[in-house]
Amino acid sequence: MAVTFPRRALALCLLALLAGCSTVAGQLSSTFYKKKCSNLESIVLSAMTQAVNNEPRMGASILRLFFHDCFVNGCDGSILLDDNTTFTGEKNAGPNANSVRGYDVVDTIKANVEAACNATVSCADILALAARDGVVLLGGPTWTVKLGRRDATTASQSAANSNLPGPGSSLAQLRTFFSNKNLNARDLTELSGAHTIGQARCVNFRSHIYNDANINATFAAQLQQSCPSSGGDDTLAPLDLQTPTAFDNAYYQNLVAQKGLLHSDQELFNGVSQEALVRRYSTGAAAFNADFAAAMVKMGNISPLTGSNGEIRLNCRKVN
């Protein structure tokens with residue numbers, strides 16, 4: 001008698017499970033470490049609390065670190081790798097050099113996790129949890145972080161240079177960068193709200209405050225006092241002048257008032273398709289919080305290494 005389709009499908013499924021089917025293995029789970037490292041989240045939160053208490057900006061830095069990891073070959077911890085004789089990594093790529101920070105905080109968390117659960121938790125998962133905790137500690141929303149990522153064994157500076165949107169990106173370019181990661185225009189607007197915390201270097205907003213027309217003149221003049229037309233590249237300014245260390249919806253209020261610090265920020269209020277959502281979040285903090293949390297879960301799902309792919313690094317800066 002021929003095997004009926006449901007039974008045949010079940011048999012194939014069982015074979016796939018025994019073989020370590022990548023589709024099944026690729027599913028992240030909020031309970032992935034429940035038995036293997038049950039106190040993982042409390043360990044990460046404790047270290048992040050200390051880091052943010054010492055320097056509130058660190059919440060934004062770790063969040064940005066996670067963004068820049070996920071946008072380059074997926075959320076695989078590759079951005080944490082130092083250069084070696086085998087590859088030139090992502091740390092000194094154009095969008096990251098002298099800009100991305102927080103590596104030492106991740107090192108501290110990793111050491112604490114290793115002491116409790118040796119060779120069990122990936123650096124990629126630690127970064128995902130730390131990014132969430134940084135947002136929460138600055139007053140933002142929480143979300144359930146899906147876990148089970150494994151760490152990359154290589155990194156690519158060229159991929160970092162080509163996959164990360166820059167501060168001078170147009171709306172069309174931003175949409176393309178996000179679309180390439182299966183994130184839509186709505187995700188773009190929601191995730192850009194991360195710029196409600198953190199700071200940017202003068203070199204990244206100089207052109208916007210001197211050359212763009214879609215910027216409040218008083219706001220531009222104020223920034224020009226600390227960011228000259230030449231020199232002072234590393235001078236910092238808050239991405240959200242109103243509440244730079246509070247995760248809130250002021251970022252969107254700034255865009256409506258043409259006070260976005262970066263050209264790429266203000267671009268979100270430069271096209272009809274994005275403007276309605278910007279206006280909604282500018283007056284609806286609860287809506288922004290809920291949608292940002294959902295978008296972060298979606299972003300954290302970009303091409304994770306799972307199953308037997310990658311490894312669990314013992315040191316986030318180098319492969320085992």
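A few notes on this one:
- The set of residues in the stretch 239-261 that are among the hydroxyl-bearing types (S, T, Y) and either over 13 Å from G198 (Cα atoms) or buried (at least 22 other Cβ atoms within 10 Å of the Cβ) (or both) comprises Y251, Y252.
- Only one of the numbered conditions (1) within 30 Å of T31 (Cβ to Cβ); (2) open to solvent by less than 20 Å² (accessible area, probe 1.4 Å); (3) of a type in the set (V, I, T); (4) not in a helix (DSSP H, G or I) is violated by V100, and that is (1).
- The one condition in (1) under 23 Å from the mean Cα position of the chain (by Cα); (2) under 21 Å from S207 (Cα atoms) that G271 fails to fulfil: (1)
- Helices (runs of 4 or more DSSP H) contained entirely in the stretch 135-238, each with at least 3 residues that are of a type outside the set (K, R) and either under 20 Å from the mean Cα position of the chain (by Cα) or surrounded by 19 or more Cβ atoms within 10 Å (Cβ to Cβ) (or both): 157-163, 171-179, 185-191, 202-211
- Taken over the stretch 52-90, the criterion of being open to solvent by 30 Å² or more (accessible area, probe 1.4 Å) and part of a loop (DSSP other than H, G, I, E, B) is satisfied by E55, P56, N73, D82, D83, N84, T85, T86, T88.
- Residues of the stretch 77-117 satisfying the condition of being farther than 20 Å from E55 by Cβ and small (G, A, S): G77, S78, G89, A93, G94, A97, A115, A116
- Selection within the stretch 92-107 - more than 15 Å from the chain's Cα centre (by Cα) and either within 15 Å of G59 (Cβ to Cβ) or free of Cβ contacts under 8 Å to residues at least 24 places away in the same chain (or both): A97, D104, V105
- The criterion of being at negative phi, open to solvent by less than 60 Å² (accessible area, probe 1.4 Å) and touching a Leu at 6+ places or on another chain (Cβ under 8 Å) does not hold for V105.
- In summary, S273 fulfils each of the numbered conditions (1) open to solvent by less than 20 Å² (accessible area, probe 1.4 Å); (2) outside any loop (DSSP other than H, G, I, E, B) with the single exception of condition (1).
- Residues satisfying the stated conditions in the stretch 108-127, i.e. over 30 Å from D233 (Cα atoms) and either within 16 Å of the chain's Cα centre (by Cα) or not in a helix (DSSP H, G or I) (or both): C117, N118, A119, T120, V121, S122, C123, A124, D125, I126
- Selection within the stretch 1-51 - open to solvent by 100 Å² or more (accessible area, probe 1.4 Å), at pLDDT below 50 and assigned to a loop (DSSP other than H, G, I, E, B): M1
This table checks each residue for (1) in contact with a Phe, Trp or Tyr (Cβ under 7 Å, 6 or more places away or on another chain); (2) crowded, with 21+ Cβ neighbours inside 10 Å; (3) small (G, A, S).
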site	(1), (2), (3)
H263	no, yes, no
T283	no, no, no
A287	yes, no, yes
E311	no, no, no
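The values are calculated or read from the model by the stated rules, or taken from the named source; none is laboratory data. The shown structure was predicted, so the numbers you read here are calculated from the model rather than taken from an experiment. Note that each Cβ is placed from the backbone with ideal geometry, even for glycine, and that neighbours are counted across all protein chains shown. For the accessible areas, the whole protein counts, side chains as well, though only heavy atoms, and no ligand, DNA or RNA atoms are used. Shrake-Rupley method; radii C 1.70, N 1.55, O 1.52, S 1.80 Å.
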